[in-house]
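**Q** After the structure tokens below, expect a handful of questions from me.
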Amino acid sequence: MTVTSAPDAHGTATITLIVSDGSTTTETHFDVEVVPVVDAPTVATIPSQTLYEDAEPARLALNLADVDTGAANLVVTARAANPGLIPASGLTPIRAPSP
């Protein structure tokens, strides 16, 4: 027997196991406690971007989520693999206004 919980669910469930030989049955009960874990936040894939030299800063929409923490409470940072091309000061996460 395997027991698998629903995604992002936690709590206690009583399992009833029923065994039959075709003419009689017996049953037993046991509890399963599913303990919550801290899930990692998610960010949707961002396709490659093209920027023009000396152009206005480009705005990129980020699709962030976290089942444990609201997206508004996530801390967003960024870094470029080539800081000579895009320095840390050129990467500024901006929060969208709350609806």
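The values are calculated or read from the model by the stated rules, or taken from the named source; none is laboratory data. This one's a predicted model, so the numbers in the text were calculated from it and none came from an experiment. Quick reminder, even Gly has a Cβ in these numbers, built from the backbone with ideal geometry, and neighbours come from all protein chains shown.
**Q** Please find, within region 43-86, the residue that is modelled with the highest pLDDT out of those that are touching a strand residue (DSSP E or B) at 6+ places or on another chain (Cβ under 6 Å) and not in a loop (DSSP other than H, G, I, E, B).
**A** 43
**Q** To continue, here is another question. Within region 12-38, how many residues are outside any strand (DSSP E or B) and either surrounded by 10 or more Cβ atoms within 10 Å (Cβ to Cβ) or not aliphatic (A, V, I, L, M) (or both)?
**A** Going residue by residue through region 12-38, those that are outside any strand (DSSP E or B) are 21-24, 35-38.
Next, only the ones that are either surrounded by 10 or more Cβ atoms within 10 Å (Cβ to Cβ) or not aliphatic (A, V, I, L, M) (or both) stay: 21-24, 36.
Adding up the residues that qualify gives 5.
**Q** Being at pLDDT below 95 and in contact with a Ser or Thr (Cβ under 8 Å, 6 or more places away or on another chain) is the filter here, so list the residues in region 1-42 that pass it.
**A** Correct list: 41 only.
**Q** Separate question: Within region 55-91, restricting attention to residues that are touching a residue at least 24 places away in the same chain (Cβ under 8 Å) and of a type in the set (Val, Ile, Thr), which residue is nearest to residue 39 (Cα to Cα)?
**A** By that ranking, first place goes to 67.
**Q** Something else: State the number of residues belonging to region 1-11 that are surrounded by 10 or more Cβ atoms within 10 Å (Cβ to Cβ) and part of a loop (DSSP other than H, G, I, E, B).
**A** So the answer is 3.
**Q** Among the residues of region 45-56 satisfying the criterion of being of a type outside the set (S, T, N, Q) and exposed (fewer than 10 other Cβ atoms within 10 Å of the Cβ), which is nearest to residue 85 (Cα to Cα)? Even if it seems obvious, please write down each step before you answer.
**A** Within region 45-56, the subset of a type outside the set (S, T, N, Q) is 46-47, 51-56.
Adding the requirement that they be exposed (fewer than 10 other Cβ atoms within 10 Å of the Cβ) leaves 47, 52-56.
Values: 47: 19, 52: 12, 53: 10, 54: 12, 55: 14, 56: 15 Å.
For region 45-56, the residue satisfying everything is 53.
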